[in-house]
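The values are calculated or read from the model by the stated rules, or taken from the named source; none is laboratory data. Note that this is a predicted model, so its numbers are computed, not measured. Here Cβ is always computed from backbone atoms with ideal geometry, including for glycine, and neighbour counts include all displayed protein chains.
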Amino acid sequence: MYGKYFCNALSYIRSEVLNMSVFIQKINPMTGSNDWILQNEDYDYHQEVARAAFADMLHDKERNEKYEQALISAIKNMHSKGRKANVLDIGTGTGLLSMMAARNGADLVVACEAFNPMSECAKKIISRNGFQDQIKIIPKRSTKLTVGEEGDLKQKCNILVTEVFDSELIGEGALSTFSHAHKHLLEEDSIVVPDSATIYAQVVECPLAQNWNKVKNIFNNDGELLVSIPKSIKTCPGTAAVHDIQLSQLPTHSFNTIISPIPVLRFDWSGKTPFVFDRFTINTVKSEHDGTAQAVFMWWELQMDTEGKITLSCAPRWAHPDTKNDKNAEIPWRDHWMQAVYYLPNEVRVKKGQEVHLISCHDEYSLWFNLTENLRLSEGHYMNPVCTCGVHSCFSRTRVGQVNDPRRNKKYASLFETHINSDSTVLILTEGFYFGLSSAKLAKKVFVTETNQISRRIVEEFIRHNNIKNVEVISNLDVLNEVDLSKVNVVISEPYFMSSILPWDNLLLLYLLKSIRKFILPDAQIFPKKAVLKGVAVHFTDLYKIRSPLGTCEGFPMEDFDRLIGASSNISDDKVEAQPLWEYPGTALSEEMVIAEIDLVNTPESLLELKGTFYLQTEMGCNGIALWVDWDMDGSPKHAVTTGPIAPVVIGQKISWDMYTRQGVYLFPNKVMKNINYEFKYDFHEGNITFNCL
């Protein structure tokens, strides 16, 4: 796919090519334009390396230890039978599992890694640790390996170790990987690490999670229905796409358990039973509480060894085996294997003690679930749900949550009631802001901009369903001169745009406002009036690990890996990345700071350069700066919309974050103990923002 860029990774990064640059075309989310950006010639290559996320897994100490324990058991098992322990490591990454096998007595270790930058890195790490004569690295997919005198493997192996799992367990092709290995690369009585896996499901009523899935009716602050949901959206089964989150951070009071965690699917990696790529199981159980079944919480567990003595669980805190006897026990933190939420195609109202049937399905790469009161299965009960309304295919889970956020919607309802009346001609300048349609009950005329075809179809469906007569949808901002906006005296934005990733990307609004000024009344009111960028110094409990260097891992020096990831990250990654910080606990180390205020009414033209300091007021050590934008709608605090903390920031205490947006985070590779100076630059002309800590 990337041709020459996948040759010798480390030497390539160090080569003179780093001094060469090319222009690439890239959409600027703030201006909406296609810009030509000067980038390193191997930008795609370095981005692929930086995104590999091997470090996240290697920081998982429990994972590493249990893999090694299972390898020790497998090697001893083979040796006790008077046989050599010949190990195949599929997807070796840095070579960690191969080195574990070698130092624990494996007679032969062959490791394959299809991602060439990592296979080259693994060779250097293995050599640095003195295993170059014991471990053979093959830069291929396991499905391309050959066996025989002239093949990649001289003979089949009798121990397989691999980690080809994701949050959905089988999403990275585990089924095909194990199936092929048993058919072509392993002896019949081989030992596999891990030996098997079990998927657990918990059926819940969880309105909080359902906010990420189903668009709801829109009410004003007096409870009056303003906009009702079209039937096509209300009855849509949604999508089976996994919603992976850190379930342990979901408040336990936010869900009602209908069915406690039960094992629903087992995968035998040992090869003792046939591999099935499409199947479903039915668990008939009784509901534990009255309620409405809305979603399934899912996680999995690995049985690492053949005797079942070594298990690795990805369960959330309330269901984790380590917390059964000690509720305060620490459980491993993982970002590479999170838990998941699957939304049921239809909500099911149940009574305590009622018999229900949980249907758990999978194909080669994905899972989905259903719940029924009637065991007589129709085809729809086990078919993969597909979105028919457009909402689930057009918008992210986070965006659906924003649309349903009651805190935010109350502010917009109050804003509308304060500033819109029967003399108002309103322009809604945003995307997917269905709440904006409620302004039609207050205004004379409403124009709604919807340039995305799917989102526009959804808005038009809302308009037809609610029989709204005074709304006109604008599908193309390039032809505003063909639309009569001359009487527009109120412009309102959420703001939200589908191209936005970082909090400040929604400043696309500023450029849109500039482009429409000549079409609307000169004294038109504009909301929001100001964007306020804020930040706070944070000690993240775990999030820092995704960018923290390894140093050593389980006693093996990993400096070659750190160098590889660091070099590529410096070339391809922005300093600030978007994260849903409610999932990642962090303690405030400084006061909340205003970094920049940007006037949206009087469009700035010059370069904005600001500097400041985060003054650390605890000794915990800072490993990140959290960033967000508050939208000052009309100068009134009651109408201000935040994308950051939803409660006052208190130094030394955990921060409560808005669960329906992603914040920006600037992570440090190592803890910082002194005050942190920063620099903020906003080039209004180019539409570029940079934030850097000095």
(message) Being part of a helix (DSSP H, G or I) and in contact (Cβ under 8 Å) with a residue 12 or more places away in the chain narrows it down to one residue among Gly432, Gly401; which is it?
(response) Gly401
(message) On the basis of being under 21 Å from Pro274 (Cβ atoms) and without any contact (Cβ under 8 Å) to a residue 40 or more places away in the chain, does Lys183 make the cut?
(response) yes
(request) Check Arg334, Arg266 and return the single one that is part of a strand (DSSP E or B) and of a type in the set (Lys, Arg). (result) Arg266
(request) Filter segment 404-428 for residues that are outside any helix (DSSP H, G or I) and among the aliphatic types (A, V, I, L, M) and give the result. (result) Ile420, Val426, Leu427, Ile428
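Mind listing whichever residues of segment 98-136 are acidic (Asp, Glu) and touching a residue at least 12 places away in the same chain (Cβ under 8 Å)?
Asp107, Glu113, Glu120
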(request) Can you confirm whether segment 482-500 contains a residue that is in contact (Cβ under 8 Å) with a residue 60 or more places away in the chain, of a type in the set (Gly, Ala, Ser) and either at positive phi or crowded, with 22+ Cβ neighbours inside 10 Å (or both)? (result) yes
(request) Determine which member of the set Val459, Val479, Val446 is without any contact (Cβ under 8 Å) to a residue 60 or more places away in the chain, surrounded by fewer than 16 Cβ atoms within 10 Å (Cβ to Cβ) and among the aliphatic types (A, V, I, L, M). (result) Val479
(request) Could you please find all residues in segment 98-109 being surrounded by 22 or more Cβ atoms within 10 Å (Cβ to Cβ) and either out of contact with any Ser or Thr (no Cβ under 8 Å at 6 or more places or on another chain) or polar (S, T, N, Q) (or both)? (result) Ser98, Met99, Met100, Ala101, Ala102, Ala106
(message) Would you confirm, using the coordinates I've provided, whether Glu224 is at pLDDT below 95, of a type outside the set (Val, Ile, Thr), surrounded by fewer than 20 Cβ atoms within 10 Å (Cβ to Cβ) and over 30 Å from Val459 (Cα atoms)?
(response) no
(request) Please list, ordered by first then second residue, the pairs with beta carbon atoms under 7 Å, 6 or more apart or interchain, first in segment 277-301 and at pLDDT 95 or above, second of a type in the set (Lys, Arg). (result) Ser287/Lys351; Ser287/Lys352; Glu288/Lys352; His289/Lys352; Asp290/Lys351; Asp290/Lys352; Thr292/Arg349
(request) Provide a single number: the residues in segment 604-641 that are outside any loop (DSSP other than H, G, I, E, B), out of contact with any helix residue (DSSP H, G or I) (no Cβ under 9 Å at 6 or more places or on another chain) and of a type outside the set (D, E, K, R). (result) 9
(message) When the residues of segment 367-386 are narrowed to those that are surrounded by 16 or more Cβ atoms within 10 Å (Cβ to Cβ) and at pLDDT 90 or above, which ends up nearest to Glu460 (Cα to Cα)?
(response) Pro385
(request) Scan Asp632, Asp658, Asp683 and give me the residue that is more than 30 Å from Pro406 (Cα to Cα) and either surrounded by fewer than 14 Cβ atoms within 10 Å (Cβ to Cβ) or charged (D, E, K, R) (or both). (result) Asp683
(request) Could you list all residues from segment 622-672 that are under 23 Å from Ser569 (Cβ atoms) and aliphatic (A, V, I, L, M)? (result) Ile625, Ala626, Leu627, Val665, Leu667, Val672
(request) Determine whether segment 483-502 contains at least one residue that is more than 28 Å from the chain's Cα centre (by Cα) and more than 20 Å from Ile516 (Cα to Cα). (result) no
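Select from segment 429-458 the residues that are under 23 Å from Gly223 (Cα atoms) and either more than 34 Å from the chain's Cα centre (by Cα) or not aromatic (Phe, Trp, Tyr) (or both) and list them in ascending order.
Once the filter is applied, which keeps residues that are under 23 Å from Gly223 (Cα atoms) and either more than 34 Å from the chain's Cα centre (by Cα) or not aromatic (Phe, Trp, Tyr) (or both), segment 429-458 yields Gly432, Gly436, Leu437, Ser438, Ser439, Ala440, Lys441, Leu442, Ala443, Lys444, Val446.
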(message) Being in the same structural domain as Lys514 (by TED's automatic domain parsing) and modelled with pLDDT of 95 or more is true for just one of Thr451, Thr418. Which residue is that?
(response) Thr418
(request) State whether the residues of segment 258-275 include one that is acidic (Asp, Glu), more than 22 Å from Ser366 (Cα to Cα), outside the structural domain of Asp166 (by TED's automatic domain parsing) and over 24 Å from the mean Cα position of the chain (by Cα). (result) no
(message) From the list Glu364, Glu347, Glu355, exactly one residue is in contact with a Ser or Thr (Cβ under 8 Å, 6 or more places away or on another chain), within 30 Å of Lys272 (Cβ to Cβ) and modelled with pLDDT of 95 or more. Which is it?
(response) Glu364
